[in-house]
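J.: Sharing a structure here in structure tokens format.
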Amino acid sequence: MKTVSYAANPLLQFARNGSRRWWAFSLLALASLLALTLSSHSRAQNNQDDEVVRVSTDLVVLNVTVKDKQGEFIHGLQRPDFKIFEDGREQTISNFGEEETPFAAALLLDISGSMEGRLSLARSAGIRFLEGLRADDTAAVYSFHSKVELVQEFSALRDLAPTAFGLEAKGMTVLHDTIVRASQDLSARPEKRRAIVVLSDGADTRSSASPSKALESALAAHATIYTVDMSNRQGGAFSLAQSGSGALREMAQKSGGQYVATPGGKALRDAFAQIVEELSNQYTIAYMPTNRARDGRWREIEIKLSRPALQARTRRGYRLAKVRG
């Protein structure tokens, strides 16, 4: 058989080099396609995970308010006086404490267009809340319309920053996004007790975050949501006000907080004083859930006391991020 020399034949040399270049190009294209596919899958995965708030630990921390039938705070209860149930199964309490510790609060001020005519009232309510804080408590102030803005960093200041008095009602409403932002900031705080105080009509019109994500963000930060209804119940806006009021009430109830229906007057002053007193007089209880599955399902929490005449209030449940195989 005659042996063909590539070196002696320029055409065959070109063909061989061209073949190598073609294979190199093909392998590069295949690698690029694979990387693009993985990147697209990762983006899709992140989008799916957007609705699930990830918690860094399995430890469930509860801030529990206990009152008697007259509405008075009850002190002096011990660990055996509490029974914690998750989805009907009793859990073992790993940490228990009753102490007057400082708390961190995020005050959310709605300045969207729907708040026109009530912005001064909301601002006054915010000042009233800050004035009622104790010396060691800290608070930050956020304003929101079509976007979220940090008006005042976490501090011991008891008045609104000067910029707060230049705010004007405008734009849409991103209440859910603001709760997510405040929850993320509260997560970095050293205080065990954390609160989000919302001054809004509750009608979210622009958020990218869903109501469930906003709630779960607060729960993941161990923050209790307190809502003050600033809605306008007059004229044609009544149905929208009802919807916003319902959303505010639900967020407060599910997180273990309070819904305040009156935006001004003595009722609001008393409500704010009660919120500060409540945050100062809670039991902090923690447990490791017996259900270790990260399936993304909502888990119901129930508290039973050894004295049935007393009432305990805390968040209604939580959700762990789903782990995909």
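J.: Please give the peptides 78-84, 224-230, 202-208 ranked by average Cβ packing (other Cβ atoms within 10 Å per residue), highest first, as a rough proxy for protection.
T.: Result, highest mean Cβ count within 10 Å first: 224-230, 202-208, 78-84.
J.: Going Cα to Cα from Lys322, which lysines come in below 30 Å? Please leave out same-chain ones fewer than 8 positions away.
T.: Reachable lysines: Lys83, Lys147, Lys192, Lys213, Lys254, Lys304.
J.: Would you mind putting 294-301, 117-124 in packing order, based on average other-beta-carbon counts within 10 Å, highest first?
T.: Output ranking for 294-301, 117-124: 117-124, 294-301.
J.: Shape call for the stretch 103-274 from the C-alpha gyration tensor, a ≥ b ≥ c root eigenvalues: rounded (a/c under 1.5), prolate (a/b greater than b/c) or oblate?
T.: Note, shape of the stretch 103-274 comes out rounded.
J.: Turning to a different aspect of this structure: Quick one: if you stick a label point 7 Å off each Cα along the C-beta vector at Thr205 and Met288, how many nm between them?
T.: 5.0
J.: Tell me the label-point distance for the pair Ala273, Ser187, using the 7 Å Cα-to-Cβ offset, in nm and rounded to one decimal.
T.: 3.7
Read-outs throughout are calculated quantities, based only on the coordinates presented, and are distinct from any laboratory measurement. These numbers come from a predicted model, not from an experiment. A quick note on method: Cβ atoms are made from the backbone with ideal geometry, for glycine too, and the neighbour counts reach across all protein chains shown.
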